[in-house]
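Just below is one structure, and these are the notes that go with it.
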Amino acid sequence: MQPGMAPVHVLVFPWPMQGHINSMLHLTAGLLGAGLHITFLHTDHNLRRVDRANAAASPRLRLMSVPDGLPDDHPRSVDDIKDLGRSLRTTGSVAYRALLASLLVDDGGFPKLSCVVADGLLPFATDIAEALGVPALAFRTESACSLLAYLSVPRLVELGEVPIPVGAELDAPVHCVPGMEGFLRRRDLPSSCRLHAETHDVDPMLQVLVSYTAHSSRARALILNTAASLERSALAHIAPHMRDVFAIGPLHAISAATALPTSLWREDDGCMAWLDGHADRSVVYVSLGSLTVISLEQFTELLSGLVGAGYAFLWALRPDMVGASPKEAIEKAGNGGKARIVDWAPQRDVLRHRAVGCFLTHAGWNSTLEGVVEGVPLVCWPFFMDQQINSRFVGTVWGNGVDMKDVCERAVVERMVREAMESGELRTSAQALAQQVRRDVAEGGSSTTEFHRLVSFIKQLSC
Ligand code: UDP
């Protein structure tokens, strides 16, 4: 802080799900490192789950919450996302407005609020802030290539490319997402571009996401958790649609020195000692993120493929991920000695461990970036949102892994896991990509330079 300059206080408000909370907490850690005061806004439901160690991490950080408007026992999985969105827009937004109004005075301990950074999936949060005279920036936690796809949807609809009918040729090329003409196929577009397999209805999330994406252009700036060297072309095509764009990722690598605990689940650290007992690059790490739910049939195919590949594996298997009792099935598959199952892993530490040889992931953006930074080859099995396009970039543009999209058969799993564990070419590409991204987040690199520009931008807004 320059002498004489009033302290800057930013309210950071993520969409209340793990992946969003993680990247916005990494942003928070970076802003704290730059001397700013931060109010991190959870929902009441999540605040009861988080590690309060965050609150003690810095006297310039405090955690606050607003109700999400759902009863406490109401499910908050990806299938309930519409209920959550609706109740946040109604009950949540009223409480948020009242909270912002109360932060506009210096309360002694914390300076007056100067600026809001709100998740791009909470457009009401930027609108309300601006209406109260508080400048607001939007943060989208997904990849730039996915955001560009949403920006391109109106044109795709005009051309009749979207929505994609059931039974359409999914390998057909998509020509009008700028910069991706050579490799993007229908199957790589965000999942909501496809008609519902049974009802043939348009996914209502498509319109919601398209309108939220367009709404980000009203924010003072758009912040993306990506690096120029990863997504230069997508960033260049997004820039004309926004007032300003900051590409400051991978944030977990930028803010590593001041990392804050991020998990809503209790991490099972026991798997680190288990990894210690394994040879270098001999273990497959499997995680499908915080939201994905799979059928028993998919689980059985995945398990059979993993067992068939013959490597030891560590599987982060949330208790709510499969309907039946998967742990017993793993025991029965005869792989007991070679498999370690945890409900929730300390994923970034796991990926950094020398014993991990590849990462079977759903290609959520945080997981993809975490795998990229550690130079670990990826096997991608995408489910929804940006995962389809992320996995195409992994398989075709960056070359740091393979894409298992739309197929989960044991023979395919086995083949792809073997390829990721054994291919020198994939490993070399993954490590080269890691080097490149580490340069972006080092002092003087593009992401760090953009991060400093963001801090100055926020300070200017606050004057
Ligand atoms: N994660 C974790 N332990 C697990 C599984 C996931 O710490 O056992 C973290 C992971 O490191 C990532 C986040 O949860 O930061 C998941 O975010 P992502 O964007 O990959 O997927 P989502 O959960 O949003 O589908």
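Rule-based calculations on the coordinates, nothing more; no lab input. These numbers were taken from a predicted model, which means no experiment stands behind them. Neighbour counts are summed over all protein chains in view; Cβ atoms, including those assigned to glycine, are modelled from backbone coordinates with ideal geometry.
Taking all pairs of distinct Cα atoms, average 1/r, flip it, and tell me the Kirkwood hydrodynamic radius of region 131-279 in Å to one decimal place. The partial results should precede the final answer.
Values: mean 1/r = 0.0556 Å⁻¹.
Radius from the Kirkwood sum: 18.0 Å.
In vacuo Debye scattering of the chain, one point per C-alpha: log10 I(q)/I(0) at q = 0.07 Å⁻¹?
One equal scatterer on each Cα of the chain leads to -0.34.
Sticking with the crude label model, points 7 Å out along Cα→Cβ, report the distance from Asp269 to Thr199 in nm, one decimal please.
4.6 nm
Setting aside same-chain residues fewer than 8 positions from Lys327, which lysines have a Cα under 27 Å from its Cα?
Lys327 reaches Lys338, Lys405.
Based only on the alpha carbon positions, what is the Kirkwood hydrodynamic radius of region 55-152, in angstrom? If you can, show how the numbers build up before the last one.
Numbers: mean 1/r = 0.0650 Å⁻¹.
For region 55-152, inverting the mean 1/r across all distinct Cα pairs yields 15.4 Å.
Give the angle, between 0 and 90 degrees and rounded to the nearest 10, that separates the Cα long axis of helix 204-215 from the longest principal axis of the Cα atoms of the chain.
40 degrees
Multiplying the sequence separation of Ala6 and Phe183 by 0.36 nm and subtracting their Cα-Cα distance, what value in nm do you get?
Answer, rounded to one decimal: 58.8 nm.
So what's the gap between the Cα centers of region 165-197 and region 396-439, to the nearest angstrom?
22 Å
Stokes-Einstein at 4 °C, 1.567 mPa s, Kirkwood radius from Cα pairs: D for region 372-463 in µm² s⁻¹?
Calculated translational D: 86 µm²/s.
Using the crude model of +1 on Lys and Arg Cβ and -1 on Asp and Glu Cβ, and no other charge, please compute the dipole size for region 193-273 relative to its Cα centre, in debye to 20.
500 debye
Considering the convex hull of the alpha carbon atoms of region 1-130, report its projected area averaged over all viewing directions, in nm², one decimal.
Result: a mean projected hull area of 8.0 nm².
With a Förster radius of 30 Å, plug the Cβ-Cβ distance of Ala131 and Asp80 into 1/(1 + (r/R0)^6) and report the FRET value to the nearest 0.05.
Working from the Cβ atoms, E equals 0.55.
Cα axis of helix 446-461 to longest principal axis of the chain: angle in degrees, 0 to 90, nearest 10?
30 degrees
Where does the Debye-calculated log10 I(q)/I(0) of region 207-308 sit at q = 0.19 Å⁻¹, using only Cα point scatterers of equal weight, no solvent?
-1.12
Label Val105 and Ala239 with points 7 Å out from Cα along Cα→Cβ: what is the distance between them in nm?
Going by the 7 Å Cα→Cβ label model, 4.4 nm.
Enter the angle in degrees (range 0 to 90, nearest 10) between the Cα long axis of helix 228-238 and the first principal axis of the Cα atoms of the chain, meaning the one along which they spread out most.
60 degrees
Can you tell me how much longer the chain between Met64 and His215 gets when fully stretched, taken as 0.36 nm per residue apart minus their C-alpha distance, in nm with one decimal?
Between Met64 and His215, full extension yields 51.8 nm more.
Take region 280-383, compute every pairwise Cα distance, and split them into 5 Å bins from 0; I just need the percent in each bin.
2, 13, 26, 27, 20, 10, 2, 0
Quick one: which residues, 5 or more positions from Ser65 or on another chain, have an amide H under 5 Å from its amide H? H modelled 1.01 Å from N in the peptide plane, none for Pro or chain starts.
Those qualifying (amide H under 5 Å, at least 5 residues apart or on another chain) are His42.
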